[in-house]
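Undergrad: Dropping a structure here in structure tokens format, bear with me for questions.
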Amino acid sequence: MAKKILVVDDSALMRRVICDIIDSDERFQVVDKATNGLEAFDLLSRNKYDAVVLDVNMPKMNGLQLLEELRKYKISAKVMMASTDTKEGAKTTLDALELGALDFIHKPDTAMDCRVDTFRNKLLETLDVVANSRPAVFSRVNRVQDDKQTAEKMADMARKFSRRSGGSKVVAIASSTGGPKALQAVIPKLPAGLDAPVLLVQHMPKGFTASLADRLNELSQVTVREAKEGEELQKGTVYVAMGGMHMNVKNNMGKCTIHYSDEPTREGVKPCANYMYESLTDSRFDEVVCVVMTGMGADGTEGIKNLEAKKKVHVISQDQDTCVVYGMPKSVVNAGLSDQVVPLEQLAQEIALNVGIRA
């Protein structure tokens, strides 16, 4: 049976083009349309849809305001953003993801440009992921103080019960769909004295990863920043891979440094976590703690498998119940690579226990 889709856009021409693209695929059927957030809120209050394609800039009630109202009244909806704002408007996009949108796509400035295959294929691919994912989980808006206290507790627990063995360690995280919000349940809980650097590949386009890093940094005890070419890895710092490039770790005069490469997409994504994991094969770290979080596809599996052949690894996978899309962790589990499978809220704890706290 075709998935039922609601399209929300104030432009009649854009609505028609988007609806035509969606209806051209037998997996989907546009069953309702709305011209602004108020109309969409009324429809969502009375009906259930498999996915919602939502514009940002609209009269009466815009896309972000609609997401706020859905959160306020706890109305569940699987939303993907499709707006011209989502190309360079990284803050707007991150706000939407934080408010419950599951993914986003950049809508071309003109309806004519929407008809090209690149946009059509990306729209349908993203819609398929969103329609088959879990709805966003409503959470507290302001949890900075709670996360600070949790990070302090994590530090105490890690000092007392750390499973840390000798040698240097690095944490390498892979995440995709649902990741930007899920990461806010992990990175802010990591203690400032974490005894390892953290590498993070989140599948996002160029222009978005710097804003993601800035937002996580504002919430966290550890330092979070978009990784720069050539910088040396430091303990207690999270390095977010730049969108549109592949992040690797290289040995440089006895130091482990960031190096970007421009190979084609792998697993259909760029950055790709497989490259990150494989680059750690010849690194000076004694052990790699691999963390695979929510996301579609299988990115991470091949890289961890190749890494494990030459380096000691410990693999932590996010469990199915807390994933927006149980693709990447499922692939790692099915490949027999996971040492632990834990819910989202326990990932920070397991990372801290595995790498320990600096004295």
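The values are calculated or read from the model by the stated rules, or taken from the named source; none is laboratory data. This structure is a prediction, so every number in the text was calculated from the model and none was measured. With ideal geometry, Cβ positions are generated from the backbone for all residues, glycine too; neighbour counts draw on all protein chains shown.
Undergrad: For residues that are in contact with a strand residue (DSSP E or B) (Cβ under 6 Å, 6 or more places away or on another chain), more than 14 Å from Leu337 (Cα to Cα) and of a type in the set (A, V, I, L, M), tally how many sit in the range 262-292.
TA: The qualifying residues number 3.
Undergrad: Tell me, which residue of the range 243-262 that is in contact with a Lys or Arg (Cβ under 8 Å, 6 or more places away or on another chain) and not in a strand (DSSP E or B) is farthest from Ser168 (Cα to Cα)?
TA: Gly244
Undergrad: Here's another thing I want to ask about it. Within the range 98-124, can you find the residues that are modelled with pLDDT of 90 or more and closer than 19 Å to Asp9 by Cβ?
TA: Within the range 98-124, Leu99, Gly100, Ala101, Leu102, Asp103, Phe104, Ile105, Phe119, Arg120, Lys122, Leu123, Leu124 qualify.
Undergrad: Taking Asn251 as the residue in question, decide whether it is surrounded by fewer than 20 Cβ atoms within 10 Å (Cβ to Cβ), touching a Ser or Thr at 6+ places or on another chain (Cβ under 9 Å) and modelled with pLDDT under 95.
TA: yes
Residue-wise test of (1) free of Cβ contacts under 8 Å to residues at least 60 places away in the same chain; (2) over 28 Å from the mean Cα position of the chain (by Cα).
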position: Lys3; (1), (2): no, no
position: Val7; (1), (2): yes, no
position: Asp20; (1), (2): yes, yes
position: Arg27; (1), (2): no, no
position: Val53; (1), (2): no, no
position: Asn57; (1), (2): yes, no
position: Met61; (1), (2): yes, no
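Undergrad: Among the residues of the range 64-91, what is the count of those that are part of a loop (DSSP other than H, G, I, E, B), free of Cβ contacts under 8 Å to residues at least 60 places away in the same chain and over 18 Å from Ala51 (Cβ atoms)?
TA: 2
Undergrad: Which of the residues spanning the range 254-289 are of a type in the set (Val, Ile, Thr) and surrounded by fewer than 12 Cβ atoms within 10 Å (Cβ to Cβ)?
TA: Matches in the range 254-289: Thr265 only.
Undergrad: Something else about it: Select from the range 312-335 the residues that are among the aliphatic types (A, V, I, L, M), part of a loop (DSSP other than H, G, I, E, B) and crowded, with 21+ Cβ neighbours inside 10 Å and list them in ascending order.
TA: Across the range 312-335, the qualifying residues are Val324, Val325.
Undergrad: Listed residues Leu94, Leu123; which is touching a residue at least 24 places away in the same chain (Cβ under 8 Å) and either surrounded by fewer than 16 Cβ atoms within 10 Å (Cβ to Cβ) or out of contact with any Ser or Thr (no Cβ under 8 Å at 6 or more places or on another chain) (or both)?
TA: On inspection, the qualifying residue turns out to be Leu123.
Undergrad: For the structure I just gave you, tell me whether Leu38 is closer than 25 Å to Leu94 by Cα, in the same structural domain as Lys122 (by TED's automatic domain parsing) and crowded, with 23+ Cβ neighbours inside 10 Å.
TA: Taking the combined requirement at face value, the residue does not satisfy it.
Undergrad: Would a scan of the range 221-242 turn up a residue that is in a loop (DSSP other than H, G, I, E, B) and at pLDDT below 95?
TA: Within the range 221-242 (the criterion being in a loop (DSSP other than H, G, I, E, B) and at pLDDT below 95), the answer is yes, since at least one residue qualifies.
Undergrad: Here is a check on your reading of the model: is Asp146 more than 20 Å from Ser11 (Cα to Cα), at pLDDT 75 or above and surrounded by fewer than 20 Cβ atoms within 10 Å (Cβ to Cβ)? Give the derivation first.
TA: Numbers: more than 20 Å from Ser11 (Cα to Cα): yes; at pLDDT 75 or above: no; surrounded by fewer than 20 Cβ atoms within 10 Å (Cβ to Cβ): yes.
No, not satisfied.
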